[in-house]
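Step one of this worksheet: look at the structure below.
The values are calculated or read from the model by the stated rules, or taken from the named source; none is laboratory data. Quick caveat, the model's predicted, so the values are computed rather than measured. Every residue, glycine as well, gets a Cβ built from its backbone with ideal geometry; the counts of neighbours run over all protein chains shown.
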């Protein structure tokens with residue numbers, strides 16, 4: 001009986017010992033992330049590079065005398081490098097749709113102003129623009145945001161103000177405002 005117990009104990013010992021020996025093999029490889037410079041500028045309302053049309057209705061004498069201001073228009077920059085944002089109109093003059101012939105010429109400069117109503121880019125609002133005073137647009141790129149910091153949710157908002165005065169007949173006057181984000 002002692003031999004059976006000794007044989008059983010030896011058998012268990014060898015079985016456990018065999019299981020304790022783990023055979024393994026390793027393999028490895030290098031993974032490279034090949035990053036390129038990336039930047040995207042979108043309107044937060046549409047999630048695209050094209051924002052909704054902004055209409056400034058002039059319906060009273062007070063509107064013509066003091067101008068009409070839009071609601072805030074929010075934009076988002078996603079960039080893996082610091083950046084700037086510039087702004088311009090796509091033309092020096094508004095295009096006119098109406099019944100007056102010949103079509104009146106309304107310049108963008110002096111009529112359409114912009115201010116930065118919020119700035120979450122980590123950068124600064126560039127002169128002549130500000131968060132409190134409207135500055136007029138032109139058909140030439142003007143720096144709007146300087147030294148924005150890289151990130152995936154760098155937002156800013158603008159407001160427009162139209163101040164045509166009493167010099168232009170009724171009709172629709174339109175111009176595209178173009179924003180350009182550029183990495184530093």
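In the stretch 68-88, of all residues being over 26 Å from residue 150 (Cα atoms) and in a strand (DSSP E or B), the one that is farthest from the chain's Cα centre (by Cα) corresponds to 68.
Taking the stated definitions as given, is residue 129 under 21 Å from residue 49 (Cα atoms), touching a strand residue (DSSP E or B) at 6+ places or on another chain (Cβ under 6 Å) and either at pLDDT 95 or above or part of a strand (DSSP E or B) (or both)? Taking the combined requirement at face value, the residue does not satisfy it.
With respect to the conditions (1) surrounded by fewer than 16 Cβ atoms within 10 Å (Cβ to Cβ); (2) over 14 Å from the mean Cα position of the chain (by Cα); (3) not in a loop (DSSP other than H, G, I, E, B), residue 109 lacks only one, and its number is (3).
Do we find that residue 115 is within 21 Å of residue 156 (Cα to Cα), touching a helix residue (DSSP H, G or I) at 6+ places or on another chain (Cβ under 9 Å), surrounded by 15 or more Cβ atoms within 10 Å (Cβ to Cβ) and modelled with pLDDT of 95 or more in this structure? No, not satisfied.
Only a single criterion out of (1) more than 18 Å from the chain's Cα centre (by Cα); (2) in a strand (DSSP E or B) is not satisfied by residue 143, namely (1). Pairs meeting the criteria (first residue in the stretch 82-103 and on the phi > 0 side of the Ramachandran plot and free of Cβ contacts under 8 Å to residues at least 60 places away in the same chain, second residue part of a loop (DSSP other than H, G, I, E, B) and buried (at least 16 other Cβ atoms within 10 Å of the Cβ), beta carbons under 7 Å, at least 6 apart or on different chains) are lacking. Filtering the stretch 123-140 to residues that are in contact (Cβ under 8 Å) with a residue 24 or more places away in the chain and exposed (fewer than 15 other Cβ atoms within 10 Å of the Cβ) leaves only 140. Across the stretch 25-64, the number of residues qualifying as in contact (Cβ under 8 Å) with a residue 40 or more places away in the chain, more than 19 Å from the chain's Cα centre (by Cα) and under 30 Å from residue 163 (Cα atoms) comes to 3.
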